[in-house]
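One structure below.
The values are calculated or read from the model by the stated rules, or taken from the named source; none is laboratory data. All of these numbers come straight from a predicted model, not from anything done at the bench. Cβ atoms come from the backbone with ideal geometry, glycine included; neighbour counts cover every protein chain shown.
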Amino acid sequence: MGDGKRLASFDSPYRVGSGLLASRFGPKTRSALSLVGGFAVLTIFTWLGGELLRKLIEPLETALFDAPVVQYTAAHRVAGLTRVMKAMTTVGSDLYLWIAVLIGGAILVWLTRSWRPLLLLALVMLGAVSLNHLIKLAIARTRPPSLFWAVPAHDWSFPSGHATESAAVYPTLAHMFAGT
């Protein structure tokens with residue numbers, strides 16, 4: 001079966017399902033159901049992927065690889081660069097990200113005369129927080145000893161909540177401003 005036929009075999013049931021949704025619900029309800037369904041599928045695949053990773057890669061094996069890298073990095077810190085990284089970590093914290101969402105969203109609401117940008121930014125932030133939490137639970141990677149930390153931390157170590165949420169919120173905000 002060629003790739004085009006294979007895609008068509010998946011497209012037909014999707015069109016039937018979306019047609020059924022379109023006939024029974026309004027556009028807002030369809031969008032909400034689509035988001036919830038997509039998030040449910042993402043949750044299931046994240047959990048399955050995490051379980052597979054745990055089965056394939058033993059925590060002891062990753063610790064054997066990580067320990068020398070963490071020790072080397074901690075031993076060769078540069079004070080000025082550490083201050084810059086701490087500042088970047090602060091800007092990626094939940095508090096600063098929510099401030100960026102609220103202020104950026106409020107400005108976009110004023111510019112566009114629509115609540116949609118603020119709602120979308122809030123959904124992006126909530127989605128990033130949720131996805132980060134799910135992946136942390138699925139992978140359950142422990143943190144290195146606190147002796148090596150530059151900033152206090154809690155929870156599992158992977159993925160970085162600051163990086164995940166910043167990578168979702170700041171580019172979305174920039175894209176929205178670029179479009180106005």
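Side notes on the structure shown:
- Here the range 148-173 is the region considered, the condition is being among the aliphatic types (A, V, I, L, M) and in a helix (DSSP H, G or I), and the residue that is modelled with the lowest pLDDT is ALA163.
- Scanning the range 95-118 for residues that are loosely packed, with under 14 Cβ neighbours inside 10 Å and either out of contact with any helix residue (DSSP H, G or I) (no Cβ under 7 Å at 6 or more places or on another chain) or under 15 Å from LEU173 (Cβ atoms) (or both) turns up LEU95, ILE99, ILE103, ALA106, TRP110, LEU111, ARG113, SER114, ARG116.
- Note on the range 89-119: residues that are touching a residue at least 40 places away in the same chain (Cβ under 8 Å), of a type in the set (A, V, I, L, M, F, W, C) and in contact with a Leu (Cβ under 9 Å, 6 or more places away or on another chain) amount to 4.
- Of all residues making up the range 120-147, the number that are without any contact (Cβ under 8 Å) to a residue 24 or more places away in the chain, in a helix (DSSP H, G or I) and over 14 Å from the mean Cα position of the chain (by Cα): 1
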